[in-house]
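Enquirer: Structure below; questions to follow.
The values are calculated or read from the model by the stated rules, or taken from the named source; none is laboratory data. Predicted model, so just to flag it, every value in this text is computed and none were measured. Ideal geometry is used to build each Cβ from the backbone, glycine not excepted, and the neighbour counts take in all protein chains shown. We work out accessible area using only protein heavy atoms, side chains counted, and drop any ligands, DNA or RNA first. Shrake-Rupley method; radii C 1.70, N 1.55, O 1.52, S 1.80 Å.
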Protein chains: 2
Amino acid sequence: MLEGSDLAIAREAVLFASLPDELADTILQRATTRSYRRGETVFLQGDPPESIFVVLDGWIKLFRITSTGAEAVVGVFTKGRSFGEAVAFAGGAYPVSAEVVTDSRLLHVRASILSTMMRDRPEIATAILASAFRHLHGLVAQLEQLKAHTGAQRVAEFLLELCLREKGSCTITLPYDKTLIAGRLGMQPQSLSRAFNRLETQGVKISHNQATIADVERLREYMLQDRSAPWRKAE
Amino acid sequence: MLEGSDLAIAREAVLFASLPDELADTILQRATTRSYRRGETVFLQGDPPESIFVVLDGWIKLFRITSTGAEAVVGVFTKGRSFGEAVAFAGGAYPVSAEVVTDSRLLHVRASILSTMMRDRPEIATAILASAFRHLHGLVAQLEQLKAHTGAQRVAEFLLELCLREKGSCTITLPYDKTLIAGRLGMQPQSLSRAFNRLETQGVKISHNQATIADVERLREYMLQDRSAPWRKAE
DNA sequence: CTTATTCCTTGACTTTGGTGAAGCAGCGGT
DNA sequence: ACCGCTGCTTCACCAAAGTCAAGGAATAAG
């Protein structure tokens, strides 16, 4: 049922990484895959949770629709990342909606299967907790970013996450459209544009969906600056 | 070891709510309590996690120190709330620091005990997942607030959470100092002051640590307003 | 009672970023 | 090639909130 390459991706996911091969394989044998087209909804906030998902390919966005209709992006995930773990066991409903932003394939693992298996194999619970913890950590990091950094700094951080190099220069392909990047970083598309402009003075060039960082260390420096520091340089 | 009133509080916590009495009691018998003075540190971000905590009395703040030394408050918990669940099982280190903001008492549950017991009683895993999920949910709500509401609206939301009434008027005692409230809501103390002033036009009065809401429904209305709506009223 | 300290508020100023409108480029369809 | 769509950028404007600085109120200490 599951192709070898898919299996390899799933095995890398935090959710399965700590499990012995034999156990992970048993679970994966009972999982299914499905393709989604850009724009499709995986689930809506408020839906009763039935599955845990692992992204095999493409990009998925998790977001919340506020009471006033505004959208707040809570996470954007790609290959090897799972979502929906915690909620599938805590009862209740998905607190967010999930939408496919580029054509994608997802692995579905039915929560009921995991639930049952957990009875005999408590290490599954630990694995799920590890996944949930990773999400917690990601959300905490986002909160910190939002509270302590300016828009341009958040953009810098976003670029640096995509850049594998530690130093020197680096060219990145933006993984999804700028409107979504803006949402993920908690700003309007217009502000993202301005942020990119501001980063030009830090050696960042954007053309189409390619970003070039002239000096990774310099950009990291900029990102880490204290909010009140910039004017100090004017002295 | 555990007083009756403490036991009652702990039993109410999400962490234990779903467990059968017999199991919860077994765990609680092996837990310890400790008193803390205002300002004490419970753990620091980066510490290896050993315990799960349940607040029996007082207020605890969870926060992160950013690379630049700024503080980002991630949560403020009181009686009946637990913290540290997910990390205690996911390995790694606490992603946040915990500090006591008013004299408090905490229940410590050693993670190793729960780990061991989980082997025979998988429902413990589900209980921990439920707790972790609650935190996830709280963080998602905070992100949404931060991205979609103005400062004054967040303050309104904060007050409404403390107000038990659904309608009419209501007086609240602010649970901790304003500097911390400001931190929790992602703003500077000065901005909190100004936000309070702004809410006066919505029938909110602050004196010392007492807040009076003249009309709860009116304030809720204000909180739910779209960001772009206010000026529309000027037409 | 006086002083020091801490916390809170206010004021003036500046920066950031949201808003609405306009323009432009790229792309798909006819 | 032409149209219309969508996504991105730019502009001008303004509101929200951070910063620095000063002053007030309550509390603790001498």
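Enquirer: Rounded, prolate or oblate, given the Cα gyration tensor of chain B, with a/c below 1.5 counting as rounded? The partial results should precede the final answer.
Expert: Numbers: a/c = 2.07, a/b = 1.87, b/c = 1.11.
Here chain B falls in the prolate category.
Enquirer: What value, in deg cm²/dmol to 500, does the helix sum -39500 (n - 2.57) over DSSP H runs of n ≥ 4 give at 222 nm once divided by the residues of the protein assembly as shown?
Expert: On the way: 20 runs with 208 residues, N = 470.
The per-residue figure over the protein assembly as shown is -13000 deg cm²/dmol.
Enquirer: Right, another one. So which aspartates and glutamates can B:K178 reach, going by Cα to Cα under 18 Å and dropping same-chain residues fewer than 8 places off?
Expert: B:E71, B:E99, B:D103, B:E157, B:E161, B:E200
Enquirer: To continue, here is another question. Of B:T32, B:A152, B:A93, whose Cα points farthest to the positive end of the dipole of chain B (charges on the beta-carbon: +1 Lys, Arg; -1 Asp, Glu; origin at the Cα centre)?
Expert: Positive-end residue among those listed: B:A152.
Enquirer: Distances from A:L162 to the same residue in each other copy, label points 7 Å out along Cα→Cβ, in nm, shortest first?
Expert: Sorted ascending, the copy-to-copy spacings read 4.3 nm.
Enquirer: Testing the spin-label approximation: label points 7 Å from Cα along Cα→Cβ at A:T179 and A:R218. State their distance in nm.
Expert: 3.4
Enquirer: Where the centroid of each part is defined by its Cα atoms, how far is the stretch B:88-146 from the stretch A:66-121 in Å?
Expert: Answer, in whole Å: 20.
Enquirer: Calculate what fraction, in whole %, of the accessible area of the stretch A:82-235 sits on carbon and sulfur atoms when a 1.4 Å probe is rolled over the protein chains.
Expert: Reported share for carbon and sulfur atoms: 49 percent.
Enquirer: With a cut-off of at most 14 other beta carbons within 10 Å, and DSSP calling the residue loop, which GluC sites (Glu not before Pro) in the stretch B:78-167 qualify? Please list them.
Expert: For GluC sites (Glu not before Pro) across the stretch B:78-167 that sit outside H, G, I, E and B with at most 14 neighbouring Cβ atoms in 10 Å, the list reads B:E166.
Enquirer: Let me ask something additional. How big is the Rg/Rh ratio for the protein assembly as shown, C-alpha atoms only, Rh by Kirkwood, two decimals?
Expert: 0.97
Enquirer: Let me ask something additional. Let me have the relative contact order for the stretch A:149-234, percent, based on Cα pairs under 8 Å that are six or more residues apart. Could you put the intermediate results ahead of the total?
Expert: Numbers: 100 pairs, mean separation 35.0, N = 86.
Contact order relative to length: 41 percent.
Enquirer: Turning to a different aspect of this structure: With a cap of 11 neighbouring Cβ atoms within 10 Å, and only residues DSSP puts in a loop, list the trypsin sites (Lys or Arg not before Pro) found in the stretch B:3-55.
Expert: Those satisfying the criteria are B:R37.
Enquirer: Could you give, in nm with one decimal, how far B:R194 is from each other copy of that position, shortest first, with labels 7 Å out from Cα toward Cβ?
Expert: Ordered by distance, the counterparts are at 1.6 nm.
Enquirer: A further question follows. Between copies, how close do the B:I113 label points come, placed 7 Å along Cα→Cβ, listed in nm from shortest?
Expert: Result, one decimal in nm: 3.7.
Enquirer: Rounded, prolate or oblate: which one fits the stretch B:1-129, using the alpha carbon gyration tensor with axes a ≥ b ≥ c (rounded when a/c is under 1.5, else prolate when a/b beats b/c, else oblate)?
Expert: Judged from the Cα gyration tensor, the stretch B:1-129 comes out oblate (a/c at least 1.5, b/c at or above a/b).
Enquirer: Right, next: Sorted from largest down, what three extents in whole angstroms do the Cα atoms of the stretch B:81-200 have along their principal axes?
Expert: For the stretch B:81-200, the Cα spread along each principal axis is 56, 31, 30 Å.
Enquirer: Can you list the residues in the stretch A:110-136 whose accessible area drops by at least 40 Å² when all protein chains are present, compared with the chain alone? Use a 1.4 Å probe, heavy atoms only.
Expert: Residues losing area: A:M118, A:P122, A:T126, A:L129, A:F133, A:L136.
Enquirer: To continue, here is another question. List the trypsin sites (Lys or Arg not before Pro) within the stretch A:101-166 that DSSP assigns to loop and that have no more than 15 neighbouring Cβ atoms inside 10 Å.
Expert: A:R165
Enquirer: Sticking with this structure for a sec: Classify the stretch A:149-234 from the C-alpha gyration tensor, please: rounded if a/c falls under 1.5, else prolate or oblate depending on whether a/b exceeds b/c.
Expert: Taking the square roots of the gyration eigenvalues as a ≥ b ≥ c, the stretch A:149-234 is oblate.
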